[in-house]
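Inspection log for the structure reproduced underneath, given as structure tokens.
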Amino acid sequence: MKREDKQLLVITHLSQLITLVTGFGSLILPLILWVTQKEKVHQMDAHGKNIINFQLSLIVYCIICVPLILLFGLGLLGFMVLGIISIIFPIINAIKASNGETPTYPFSFNFIN
């Protein structure tokens with residue numbers, strides 16, 4: 001039987017912000033939390049998949065931005081937008097998770113179903 005743990009769901013969403021402190025880990029930390037807790041915590045599987053898909057999508061978008069730097073600096077603008085998105089949406093979705101909602105991340109590819 002799975003337990004309800006909204007606090008752990010919130011922490012999992014906010015763990016993406018570890019990159020602001022360490023410079024890396026926005027994919028690794030939520031991945032570890034998801035893999036170790038998806039069988040134990042109610043809704044962790046759905047939240048974890050959303051987070052991992054979002055982080056992998058951000059990586060793809062960053063890769064796309066690299067060559068766009070040569071095109072009138074559009075890649076730099078893209079990096080700024082991605083930076084803002086990578087901070088705002090984990091916070092918004094942590095709030096949604098604390099309210100019992102299953103949050104979604106916009107512009108995410110479905111790598112994991």
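Of all residues in the range 62-84, those being farther than 20 Å from L29 by Cα and either in contact with a helix residue (DSSP H, G or I) (Cβ under 8 Å, 6 or more places away or on another chain) or at pLDDT 95 or above (or both) number 15.
Suppose we filter V21, V35 for residues that are modelled with pLDDT of 95 or more and either open to solvent by 70 Å² or more (accessible area, probe 1.4 Å) or in contact with a Phe, Trp or Tyr (Cβ under 9 Å, 6 or more places away or on another chain) (or both); which single one remains? I'd like the intermediate steps shown before the answer.
Numbers: V21 fails: modelled with pLDDT of 95 or more.
Sole residue among the options that is modelled with pLDDT of 95 or more and either open to solvent by 70 Å² or more (accessible area, probe 1.4 Å) or in contact with a Phe, Trp or Tyr (Cβ under 9 Å, 6 or more places away or on another chain) (or both): V35.
Could you give every pair whose Cβ atoms fall below 6 Å, whose first residue belongs to the range 9-31 and is without any contact (Cβ under 8 Å) to a residue 12 or more places away in the chain, and whose second residue is surrounded by fewer than 19 Cβ atoms within 10 Å (Cβ to Cβ) and outside any helix (DSSP H, G or I), counting only separations of at least 6 or pairs across chains? Within 6 Å, the pairs are I18/G25.
One residue stands out among those in the range 36-76 that are assigned to a helix (DSSP H, G or I), among the β-branched types (V, I, T) and touching a residue at least 12 places away in the same chain (Cβ under 8 Å): the one that is nearest to R3 (Cα to Cα), which is I51.
Per the conditions (1) open to solvent by less than 30 Å² (accessible area, probe 1.4 Å); (2) of a type outside the set (D, E, K, R); (3) over 20 Å from V21 (Cα atoms), the sole criterion not satisfied by P90 is (3).
The values are calculated or read from the model by the stated rules, or taken from the named source; none is laboratory data. All of these numbers come straight from a predicted model, not from anything done at the bench. FYI the Cβ positions are ideal-geometry reconstructions off the backbone, even for glycines, and counts take in every protein chain you see. For accessibility, only protein heavy atoms count, side chains too; no ligands or nucleic acids. Shrake-Rupley method; radii C 1.70, N 1.55, O 1.52, S 1.80 Å.
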